[in-house]
Amino acid sequence: MIRLEPTTALGNKTPYDETIGGIRIAEIAAPVLASLAMRQGKATGFRRAATGTLKTALPGAGKSSGNAACRVIWMGPDQYLVEGMTGAELGAAFGAHAAVTDQGDAWAGFDISGAECVAMLERLSSADSRRMAAGDATRTPMHHMHCVLVCREAGTGFTVYGPRSAAASLHHALTAAAASL
């Protein structure tokens, strides 16, 4: 019988975690993510379910909101990426009011922290990470990949989500940019 073992997006049993020149880059081992999109004509039920389930306000453009249980990232009008809740949990709570897709296996995530985070991100993205405040979020290309950048702590803490299929390329871009400072 074949014995399968889970691996991180980078193909390891344990997540990558390294400090390069004062910048810590830590792979998120198994991101719990789901996309959440309001169905047409279902605004009232969607907002009611959001209030009861997410326990946080739905963020506006370029923002995220959250609590200890989950974080909601704005991805477009009435479209969100939810950290900390599975597609099954959201689907059960929102029912016919939302289109929900589990995204945990679709994205690779890296937490980046350190005093030089902004300088590193400026080498990779046109997003104005220097002006981002805690809770800000944006979709941005990084090293020719579509990514999501979330500011956790202004100037010193960010999360980058990119395609899991390109996790090694995103990891290389992050580590090369950190080493270049």
Check your understanding: Along segment 111-124, what does the Karplus equation 6.51 cos²θ - 1.76 cosθ + 1.60 (θ = phi - 60°) give for ³J(HN,Hα), rounded to whole Hz, x for Gly and Pro?
Key -> 8, 10, 9, x, 5, 9, 3, 4, 4, 5, 5, 5, 7, 10
**Study point:** Relative contact order of the chain, defined on C-alpha pairs under 8 angstrom at six or more residues apart (%)
**Key:** 23
Exercise for review: Please work out how much length the chain gains when fully extended from Ser126 to Ala57, using 0.36 nm per residue of separation minus the C-alpha to C-alpha distance, in nm with one decimal.
Suggested key: 22.1 nm
Point to revise | Near-label residues of segment 12-41 by backbone N, under 20 Å of a point 7 Å along Cα→Cβ of Ile2 | key: 12-13
Point to revise | Candidate aspartates and glutamates for bridging to Lys63, where Cα separation is under 12 Å - those fewer than 8 sequence places away on the same chain excluded | key: Asp136
Check your understanding: Is the shape of segment 33-102 best called rounded, prolate or oblate, per the rule: a/c under 1.5 gives rounded, else a/b larger than b/c gives prolate, else oblate, with a ≥ b ≥ c the square roots of the Cα gyration tensor eigenvalues?
Key -> rounded
Practice item. Rank the residues Lys42, Lys13 as a footprinting-exposure proxy: fewest other Cβ atoms within 10 Å of their Cβ go first. Key: Lys13, Lys42
Exercise for review: May I ask you to compute the full-extension gain from Ala133 to Ala99, defined as 0.36 nm times their residue separation minus their alpha-carbon distance, rounded to one decimal in nm?
Suggested key: 9.3 nm
Review point. Under a Cβ-Cβ cut-off of 14 Å, what is the net charge of the residues other than Ala49 that fall near it, where Lys and Arg count +1 and Asp and Glu count -1?
Key: +3
Review point. Could you name the lysines in cross-link range of Lys42, using Cα to Cα under 22 Å and dropping any fewer than eight places away on the same chain?
Key: Lys55
Review point. What FRET efficiency would be calculated for the residue pair His146, Ala69, taking the C-beta separation as r and a Förster radius of 41 Å, to the nearest 0.05?
Key: 0.90
Practice item. Calculate, for Ala168 and Ala119, the FRET efficiency according to 1/(1 + (r/R0)^6) with r their C-beta to C-beta distance and R0 25 Å; round to the nearest 0.05. Key: 0.60
Check your understanding: How do Met145, Met132 line up, fewest other C-beta atoms within 10 Å first?
Key -> Met145, Met132
Point to revise | Helical contribution to [θ] at 222 nm, DSSP H n ≥ 4, -39,500 (n - 2.57), averaged over the chain, rounded to 500 | key: -6500 deg cm²/dmol
Practice item. Quick one: what are the phi-derived ³J(HN,Hα) couplings along segment 36-45, Karplus 6.51/-1.76/1.60 with θ = phi - 60°, whole Hz, x for glycine and proline? Key: 9, 10, 5, 7, 4, x, 10, 4, 4, x
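The numbers here are math on the coordinates, done by the rules we state, and not lab data. Quantities reported herein were computed from a predicted structural model and do not represent experimental measurements. All Cβ positions, glycine included, derive from the backbone under ideal geometry; neighbour counts span all protein chains shown.
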